[in-house]
Amino acid sequence: MNPEVLLHLDHPLTRLVLGLVCIFAFIGLNGLVLVWVERKVAGHVQLRPGPLHVGPHGLLQPLVDAVKLIGKQLVAPAGSDKILYWAAPLLAFAPATVCFLPLPFDPNLAPMRLNLGLVLILAFSGLGVLSLILAGWGSNNKWGLLGAARAVAQSVAYEVPLLLSVMAVALTAGSLDLYEITAKQGAWPWQWYGVKNPLAFFIFLVCAVAETNRAPFDLPEAESELTAGFHTEYSGMGFGLFFLAEYANMIIVSGVAAALFLGGWQGPFLPGIFWFLVKVYCLLCFIIWLRWTYPRVRFDQLLNLSWKWLTPLALLDFALVVIVAGFGG
Amino acid sequence: MQAFDPKTLRGDLSAARFEPGPTEDKLILSMGPQHPSTHGVLRIMLELDGEYILRAEPILGYIHRMHEWMAEQKTYMQFMPNMGRVDYLHAMAWNWAYAGAVERLSGIEVPQRAEYIRAAVTELNRISSHLLWWGAYLLDLGAFTPIMYAFDDREMLLDILQDVTGSRLTYSYFTIGGVYGDVPDNFASRCLAFTRQLRSRLPMYRDLVTDNVILRGRCEGIGEMDVELARRYGATGPVIRGSGAPVDTRRAEPYGVYNRFDFRIPAYPQGDAMARYMVRMDELETSCDIIEQAVANLPDGPITAKVPKTVKPPKGEACFAVEGARGKIIVYVRSDGGPKPYRVKLRAPGFSNLSVFCELSRGTLLADAVSILGSLDLVIPEIDR
């Protein structure tokens, strides 16, 4: 091979493109697996087997669903703002892909090492709510508008305790680089920040469920109230992209939680990537389990939970961490 | 929404009548007739300020099938299958109300065995109705799983009813003067097995669902209604019992053999959605009590009275009231002596219960309105008839 090509391979841009391609593959594959896991877990929670007939134990069911979604006609309702309407699903999906870049899957497999990796994830995941507003506004549907309004208030309310809980960990580790934060934790549970600072872990988990709009905090799409909320009017892959973005966001928050609180790739005996994926999938199953178990909270209860409980608790936790770090360090 | 234009007959008549209020920044929202929480084809026009409801107005008629008119075109017996379609969830109660009215009009005495079978299957049907309500209500509140457990219980029950009546939902098992067919030999043991199974499940439902903090938050203090309001609107059944008045047709004007059963009438004084919820959950146990007593005392004998092929009640009128799963069902029959009824009037409890909704939902959040609507346990085909 021409040695000049090898030089190009080490270029940051090449790494970025290669990383993005791998991430697309990762999201696509995990999206399919997660749909299957979600339906299977839901099925077994609900006294039924879940998908069973397409492939062994219904494994190919998500693939068939995806083909169906791709094959469907894309319809934009009359009176909708066409540009915003079609930009919204793309905008929902794009930030999700960027958020994967700083995730450390393994000591040797981190798509991009950034010393501000955590900030990048928080910034781009905050962008996701923009797509919900555009979807709700652009589709010229009153249910969509109500869903979008809910999404904004919810996102603002839960980003505050989320940031505070993340900052507490960053302060303990003394870094905003997820790779370094992971490296500072050990292989055993008592060395994890989730065990050292369980309050921050709890707050992060609750906020993560709220930020990804999953039940019991799925108010922007609250099916039984707003029919489907912000994505009421979307069909085919328009809906499919929102769906995929939701799963991608779930993987991101679980990945960040695993790296911040559960020691990321750290674990005894087995390779790092294995431990990372095990932790991520345990958290994902926990989120799925929540969805199929609890009723949905009401909107004012949701905001009360954030402003009256989680934010003060997160502040308290942050203050404690600051005091401990001040005396210890 | 396009306003109704009388020249072209296009647009939306109901929306055109629903004028926005005098203030700015109000949203007129049409909830239904296709909406996940309006249970069928109810349509509610809402005037919203943000998510707060300023005004709510139910619009009916999307599933009007002219049952009362149909009664005038059919003989007395031919009208019986319609009764299973009025309220498809508690078809037996409607069966009973119509059969009872015609029997009262023609002075037919129903044999004892038939009366006991009627009581048993009506209570079984009430349980299936309440279980479905329970699952659907929690679905409205965003809990997906309980309905599957409710359907699991219901499955066992529907199997029993299928073997007795031949159908699983729209029963027309009653006949004028009794019931169509006798129950199978293992009916009593299967009923007892079912009540045992349900009673063993109820504590789990209480722990996992009823005492859930989110559910309590969504139901307690929501849609509060005092007895006066309930009486003013003619609310009956679990809705008025949830306001603290233990009113029950089975006790107030006993029909069939209900005066021989020992059962409790649950009532909760809070008047909110949770009280109505608790009443229905308690009624599951009450119905189990009645079923157990009915199958234990099931007498031998004929299952139908001697009734002529063509029922021709004498000139006159009769009313028959029955306690349905949703409240007091009344069927009024007027005869001119011919083979067809001169007039049949059906009083559906859901209609009165729905009327309270306008008053209860005012000033609440959209999510609360869904909760209130669910707690009224509406079956729209019954309301529209």
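The values are calculated or read from the model by the stated rules, or taken from the named source; none is laboratory data. The structure displayed is predicted, hence computed values, not measured ones. Please note: Cβ atoms are built from the backbone with ideal geometry, for glycine as well, and neighbour counts cover all protein chains shown. Just the protein is used for accessible areas: all its heavy atoms, side chains included, with ligands, DNA and RNA removed. Shrake-Rupley method; radii C 1.70, N 1.55, O 1.52, S 1.80 Å.
Give the residue, chosen from B:Ser287, B:Ser335, that is closer than 17 Å to B:Ile176 by Cβ, of a type in the set (Ser, Thr, Tyr) and surrounded by 22 or more Cβ atoms within 10 Å (Cβ to Cβ). Step through it out loud before you land on a result.
Working: B:Ser287 fails: closer than 17 Å to B:Ile176 by Cβ.
None of the others qualify; the one that does is B:Ser335.
Could you list, in sequence order, all residues of the range A:304-318 that are open to solvent by less than 50 Å² (accessible area, probe 1.4 Å) and farther than 17 Å from A:Gly194 by Cα? Of everything in the range A:304-318, those that are open to solvent by less than 50 Å² (accessible area, probe 1.4 Å) and farther than 17 Å from A:Gly194 by Cα turn out to be A:Ser306, A:Thr311.
Here B:Ile383 meets each of (1) modelled with pLDDT under 90; (2) more than 14 Å from every other protein chain (Cβ to nearest Cβ); (3) open to solvent by 10 Å² or more (accessible area, probe 1.4 Å) with one exception, condition (3). The set of residues from the range A:139-163 being more than 14 Å from every other protein chain (Cβ to nearest Cβ) and surrounded by 24 or more Cβ atoms within 10 Å (Cβ to Cβ) comprises A:Ser139, A:Tyr158, A:Pro161, A:Leu162.
Screening B:Tyr171 with (1) out of contact with any Lys or Arg (no Cβ under 6 Å at 6 or more places or on another chain); (2) surrounded by 23 or more Cβ atoms within 10 Å (Cβ to Cβ); (3) facing another protein chain (nearest Cβ under 10 Å) gives one miss only, at (3).
Tell me the helices (runs of 4 or more DSSP H) entirely within the range B:60-129 that contain at least 1 residues that are touching a Pro at 6+ places or on another chain (Cβ under 6 Å).
B:67-73, B:91-106
As for the range A:114-123, it holds no residue that is closer than 18 Å to A:Gly236 by Cα and crowded, with 16+ Cβ neighbours inside 10 Å.
Quick check on B:Thr165: is it away from chain A (no Cβ under 14 Å), free of Cβ contacts under 8 Å to residues at least 60 places away in the same chain, open to solvent by 30 Å² or more (accessible area, probe 1.4 Å) and under 16 Å from B:Leu89 (Cβ atoms)? Explain how you work it out, then say what you get.
Working: away from chain A (no Cβ under 14 Å): yes; free of Cβ contacts under 8 Å to residues at least 60 places away in the same chain: yes; open to solvent by 30 Å² or more (accessible area, probe 1.4 Å): yes; under 16 Å from B:Leu89 (Cβ atoms): yes.
So B:Thr165 fits the description; yes.
Checking B:Gly374, B:Gly338, B:Gly363 one by one, the residue that is within 14 Å of chain A (Cβ to nearest Cβ) and out of contact with any helix residue (DSSP H, G or I) (no Cβ under 9 Å at 6 or more places or on another chain) is B:Gly363 and no other. Starting from residues that are within 14 Å of another protein chain (Cβ to nearest Cβ) and touching a residue at least 60 places away in the same chain (Cβ under 8 Å), keep the ones in the range A:23-54 and report whichever is farthest from B:Arg201 (Cα to Cα). Checking each candidate, the answer is A:Glu38. Apart from one condition, B:Asp282 fits all of (1) modelled with pLDDT under 90; (2) touching a Pro at 6+ places or on another chain (Cβ under 9 Å); the exception is (1). One residue stands out in the range A:294-329 among those that are among the hydroxyl-bearing types (Ser, Thr, Tyr) and not in a loop (DSSP other than H, G, I, E, B): the one that is nearest to A:Ala222 (Cα to Cα), namely A:Ser306. Could you say whether any residue in the range A:296-303 is without any contact (Cβ under 8 Å) to a residue 60 or more places away in the chain, open to solvent by 30 Å² or more (accessible area, probe 1.4 Å) and within 13 Å of another protein chain (Cβ to nearest Cβ)? For the range A:296-303, residues without any contact (Cβ under 8 Å) to a residue 60 or more places away in the chain, open to solvent by 30 Å² or more (accessible area, probe 1.4 Å) and within 13 Å of another protein chain (Cβ to nearest Cβ): present.
May I ask you to verify whether B:Val239 is surrounded by 15 or more Cβ atoms within 10 Å (Cβ to Cβ) and within 22 Å of B:Ala99 (Cα to Cα)? Spelling it out, it is not the case that B:Val239 is surrounded by 15 or more Cβ atoms within 10 Å (Cβ to Cβ) and within 22 Å of B:Ala99 (Cα to Cα). Here B:Gly244 fits the description: open to solvent by 20 Å² or more (accessible area, probe 1.4 Å), without any contact (Cβ under 8 Å) to a residue 60 or more places away in the chain, closer than 29 Å to B:Ser352 by Cα and touching an Asp or Glu at 6+ places or on another chain (Cβ under 9 Å). Being of a type in the set (Lys, Arg), farther than 19 Å from B:Ala296 by Cβ and either away from every other protein chain (no Cβ under 14 Å) or buried (at least 24 other Cβ atoms within 10 Å of the Cβ) (or both) is the requirement here; does B:Arg118 meet it? The answer is no for B:Arg118.
Just checking, which of A:Leu60, A:Leu109 is at pLDDT 85 or above and of a type in the set (A, V, I, L, M, F, W, C)? Spell out how you get there, then give the answer.
Numbers: A:Leu109 fails: at pLDDT 85 or above.
Going through A:Leu60, A:Leu109 in turn, the sole match is A:Leu60.
Selection of the range A:198-220 for residues being within 13 Å of chain B (Cβ to nearest Cβ) and surrounded by 24 or more Cβ atoms within 10 Å (Cβ to Cβ) yields A:Asn213, A:Phe217, A:Leu219, A:Pro220.
Selection within the range A:50-73: residues that are over 25 Å from the mean Cα position of the chain (by Cα) and exposed (fewer than 13 other Cβ atoms within 10 Å of the Cβ). The member of this set that is nearest to B:Met148 (Cα to Cα) is A:His53.
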